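Enquirer: Okay, here's the structure, questions in a sec.
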Amino acid sequence: MKKLLNIGFSVFVLSVLLVSCNDDDYHTIESIDKIKIDSVKIVNDTMDVFAIQSIKTYSTYPSHCEGFYGYDYIYNNNLERTVTSYKYITNGPCTQSSYVGANQINFSPQRKGTYTFKFWNGGNNWITKTIVVE
């Protein structure tokens, strides 16, 4: 029984090493670029000061070699924000089928007022949303 356990453990360790050394799991990021935000979902358009709300954004990526990299979240003034989404592009083999990716921003206002969010939708187009903070 002890010999069987040792063989099983050896096979397990060997399989973990083979899987973790697979170079196909990691691809180099070649570039970063803007990606338009197709739609925005805000659950509550009214919230309390110091509360936290998740704002979801949805973008269509043209292939599986691309994915969400991050946001450029700019405070234009006390109550206005502009949000631009960025994607990464890898050098790995990928399928060319497009997919919709969902990401989120956690908004936690520190003062009362009507906040205006502008989400980049390509070119000179923006999706505008407002949240009233009481």
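Enquirer: Can you give me the distance in nm between label points at F50 and S97, each placed 7 Å from the Cα along the Cα-to-Cβ direction?
Expert: 4.8 nm
Enquirer: Moving to a separate point now. Separation of the stretch 120-134 and the stretch 31-45 by C-alpha centroid, Å?
Expert: The stretch 120-134 and the stretch 31-45 have Cα centres spaced 9 Å from each other.
Enquirer: Still on this structure: Could you tell me the extents of the stretch 79-134's C-alpha atoms along the three principal axes, largest first, rounded to whole Å?
Expert: 49, 24, 15
Enquirer: Between D38 and T128, what is 0.36 nm times their sequence separation minus the Cα-Cα distance? Round to one decimal in nm.
Expert: Gain on extension, D38 to T128, equals 31.2 nm.
Enquirer: Going from the alpha-carbon gyration tensor of the stretch 35-132, what semi-axes, largest first and in whole Å, does one get by taking the root of 5 times each eigenvalue?
Expert: That gives 29, 13, 11 Å for the three semi-axes.
Enquirer: Using a 1.4 Å probe on the protein heavy atoms, what percent of the accessible area of the stretch 20-123 belongs to carbon and sulfur?
Expert: 47 percent
Enquirer: Give the residues of the stretch 92-106 whose amide nitrogen is closer than 18 Å to a point set 7 Å from the Cα of E30 in the direction of its Cβ.
Expert: What the label zone holds, given the 18 Å backbone N cut-off, is 92-99.
The values are calculated or read from the model by the stated rules, or taken from the named source; none is laboratory data. Keep in mind it's a predicted model, so treat the numbers as computed, not measured. Here Cβ is always computed from backbone atoms with ideal geometry, including for glycine, and neighbour counts include all displayed protein chains. We work out accessible area using only protein heavy atoms, side chains counted, and drop any ligands, DNA or RNA first. Shrake-Rupley method; radii C 1.70, N 1.55, O 1.52, S 1.80 Å.
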